[in-house]
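The values are calculated or read from the model by the stated rules, or taken from the named source; none is laboratory data. Since the structure is predicted, the reported quantities are computational estimates derived from the model, not experimental observations. Here Cβ is always computed from backbone atoms with ideal geometry, including for glycine, and neighbour counts include all displayed protein chains.
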Protein chains: 2
Amino acid sequence: MSYTAWIISIGNELLIGKTVNTNAAWLARKFTLLGYDVKRIITIPDSEEDEVEVFRDAIRRGIRVVVSTGGLGPTFDDKTSEYLAEALNRRYVLNDDALRMVVETFKSKGLELTEPRLKQAKMPEGAKPLPNPVGTAPGIWVEEGNTIIIALPGVPAEMMGIFENYVEPKLREIGPKLHFVERSITVKGVPEADLAPIIERGMKMSNRIYIKSHPKGHEIKAPLVEIHVYVSSEDVKSAEGEVNRIINYLMSSVREKGGEVLSA
Amino acid sequence: MSYTAWIISIGNELLIGKTVNTNAAWLARKFTLLGYDVKRIITIPDSEEDEVEVFRDAIRRGIRVVVSTGGLGPTFDDKTSEYLAEALNRRYVLNDDALRMVVETFKSKGLELTEPRLKQAKMPEGAKPLPNPVGTAPGIWVEEGNTIIIALPGVPAEMMGIFENYVEPKLREIGPKLHFVERSITVKGVPEADLAPIIERGMKMSNRIYIKSHPKGHEIKAPLVEIHVYVSSEDVKSAEGEVNRIINYLMSSVREKGGEVLSA
């Protein structure tokens, strides 16, 4: 079993640069901490052609978990659920559980059940609705072959609310049994280019490690570089030990180069 | 001639959620203002397989302009230039102009020309280097068939510096002769679902218009929605007239629904 993930961000506002895609970064972080490997983040318009193509592509490649955000709202261009049904070659039907959720939400608010609101209870046949603790549109959980597809709203509070309450526990349950530990140091006085061979050697010290340098200051005049070390392991103690071993190696190498370690 | 664009964001830090992709939003905004239609934003790891696949996919689809960010630095995993050469089936060679830029930059800073630094002057055969006003790695401009591929560094200041100085003027020159006008209003007291039919009618008032609602407040208790109207046109006066016509229609429709327009 491979624990791969794709994030599909749907919405023209992302493609015209009106909105920065913080949803994708948040989800990527969550996946990484859960031990999943985010292979790709794809932003596409609210378009039938693009949505169907990308969902099918993820299934064809056998990606384990696909999360989409956007296109579940009540407006006429919110059609992710319908296009997802098409991508799966399934009927787009009123889901009984979703209808109960939607009706209950609107009743409790004293709001009328209009056609655009009822649309939020329609899903691909065989999908399970995920309760939305913040807004009205339920999320969608549907499986096809080895791939789990989860469609979430684009409003960050709704996306996060559904994910943390109903998606994360399930992904942890079916995901890899891994512990994930990270640490970073900030290095002053050594340009990124001179850190490169140090990091390269560090990267070879373990298979389950990732080291990345992030330049913060001015590349040449006042080099300031953050070095981030990530380790995952089945065992939390060995992950912590591994991170400490790499950090110690990095700190002594940086000091040999005449650099200063600002924080560890 | 179609004025389509793809943005390719390269870097594991984006896929583990360490970095929010502000570069892509900035570029998308620039493209939109220049009259280009950003069709897709794709985030992939620093991997040969992914980079070659995605560059080739963009060329195969005849995308007019492809901009990538990331992977031009001096570290061992910065291989965008090399993988781009592979995607183009071209040799990966030392570029004379790029070498001059790199040597000059390092000389002026009194820095040694090391192997990882020299790598920044290697490019696909036939590419043109774009001067980097901030850091050391030149950008890359290369054409294949009808597609222009521009590879930029991932450090925002370097990416923006190269784009604004050397890319934007060229894209404006070869791009569509369009004027782009936008305006937004904030609506209080009408839930997004009730705005949907109003927006749908507004969207049909013109072909070159896009209206998008962005919920800001609490969806049901205190609905606050920003409505953003975009119009592009060959003629700036007609674009402005069109935006005003749509905004006036939206304001009167919202007031008919008992809503309040907070800003226009």
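Among the conditions (1) facing chain B (nearest Cβ under 8 Å); (2) touching a residue at least 40 places away in the same chain (Cβ under 8 Å); (3) surrounded by 24 or more Cβ atoms within 10 Å (Cβ to Cβ), the only one that A:ASN23 does not satisfy is (1). If the condition is being out of contact with any Asp or Glu (no Cβ under 9 Å at 6 or more places or on another chain), of a type outside the set (A, V, I, L, M, F, W, C), at negative phi and outside any strand (DSSP E or B), then the stretch A:249-264 contributes A:TYR249, A:SER252, A:SER253, A:ARG255, A:GLU256.
I'd like to check something: does the stretch A:112-121 contain any residue that is over 27 Å from A:ILE42 (Cβ atoms), among the charged types (D, E, K, R) and out of contact with any helix residue (DSSP H, G or I) (no Cβ under 8 Å at 6 or more places or on another chain)? Yes.
When the criteria are applied in full, A:GLU164 fails the requirement of being assigned by TED's automatic domain parsing to the domain that holds A:TYR83 and modelled with pLDDT of 95 or more. With respect to being at pLDDT below 90 and over 14 Å from A:ALA151 (Cβ atoms), A:GLU112 fits the description. Considering the stretch A:138-166, and only residues there that are within 14 Å of another protein chain (Cβ to nearest Cβ), over 12 Å from A:THR80 (Cα atoms) and in contact with a helix residue (DSSP H, G or I) (Cβ under 8 Å, 6 or more places away or on another chain), the residue that is surrounded by the fewest Cβ atoms within 10 Å (Cβ to Cβ) turns out to be A:PRO156. On the basis of being buried (at least 23 other Cβ atoms within 10 Å of the Cβ), facing chain B (nearest Cβ under 7 Å) and under 25 Å from B:GLU48 (Cβ atoms), does A:ILE8 make the cut? No; evaluated as a whole, the condition is false for this residue. Among the residues of the stretch B:185-217, those that are in a strand (DSSP E or B) and in contact with a Phe, Trp or Tyr (Cβ under 9 Å, 6 or more places away or on another chain) comprise B:ILE209, B:TYR210, B:ILE211, B:LYS212. Residue count for the stretch A:32-52 satisfying the condition of being within 10 Å of chain B (Cβ to nearest Cβ) and either in a helix (DSSP H, G or I) or surrounded by fewer than 20 Cβ atoms within 10 Å (Cβ to Cβ) (or both): 5. A count restricted to the stretch B:191-201 and to residues that are under 28 Å from the mean Cα position of the chain (by Cα) and surrounded by fewer than 16 Cβ atoms within 10 Å (Cβ to Cβ) stands at 1.
Consider the stretch B:90-112 and keep the residues that are touching a Ser or Thr at 6+ places or on another chain (Cβ under 9 Å) and not in a helix (DSSP H, G or I). The one that is surrounded by the most Cβ atoms within 10 Å (Cβ to Cβ) is B:TYR92.
Here are some residues: B:LYS177, B:LYS188, B:LYS204. Which one is within 12 Å of chain A (Cβ to nearest Cβ), of a type in the set (Lys, Arg) and over 18 Å from the mean Cα position of the chain (by Cα)? Let's see the steps before the verdict.
Numbers: B:LYS177 fails: within 12 Å of chain A (Cβ to nearest Cβ); B:LYS188 fails: within 12 Å of chain A (Cβ to nearest Cβ).
Residue meeting the stated conditions: B:LYS204.
Among the residues of the stretch B:79-88, the ones that are surrounded by fewer than 24 Cβ atoms within 10 Å (Cβ to Cβ) and under 21 Å from B:PRO156 (Cα atoms) come to 1 in all.
Look at the stretch A:78-89 and say how many of its residues are free of Cβ contacts under 8 Å to residues at least 60 places away in the same chain and either outside any loop (DSSP other than H, G, I, E, B) or at the interface with chain B (Cβ under 9 Å from one of its Cβ atoms) (or both). Here the count works out to 6.
Please go through the stretch A:224-248 and give me each residue that is in a helix (DSSP H, G or I), at pLDDT 90 or above and either polar (S, T, N, Q) or closer than 18 Å to A:LYS188 by Cβ (or both), ordered by number. Within the stretch A:224-248, A:ASN244, A:ILE247, A:ASN248 qualify. Evaluating A:GLY17 against the criteria (1) buried (at least 23 other Cβ atoms within 10 Å of the Cβ); (2) farther than 20 Å from A:ASN146 by Cβ; (3) within 7 Å of chain B (Cβ to nearest Cβ) leaves one unmet condition, (1).
Which residues, taken from the stretch B:249-264, are among the polar types (S, T, N, Q) and within 16 Å of B:LYS204 (Cβ to Cβ)?
Applying the first criterion (among the polar types (S, T, N, Q)) to the stretch B:249-264 yields B:252-253, B:263.
Hit for the stretch B:249-264 is B:SER253, nothing else.
Sub-9 Å Cβ pairs linking a first residue in the stretch B:41-62 that is closer than 14 Å to A:VAL38 by Cβ to a second residue that is of a type in the set (Phe, Trp, Tyr) and surrounded by 16 or more Cβ atoms within 10 Å (Cβ to Cβ), at least 6 apart or interchain, are B:ILE42/B:TRP6; B:ASP46/B:TYR83; B:SER47/B:TYR83; B:ASP50/B:TYR83, ordered by first then second residue.
For A:SER68, state whether it is part of a helix (DSSP H, G or I) and buried (at least 20 other Cβ atoms within 10 Å of the Cβ).
On the way: part of a helix (DSSP H, G or I): no; buried (at least 20 other Cβ atoms within 10 Å of the Cβ): yes.
Judged against the criteria, A:SER68 is not a match.
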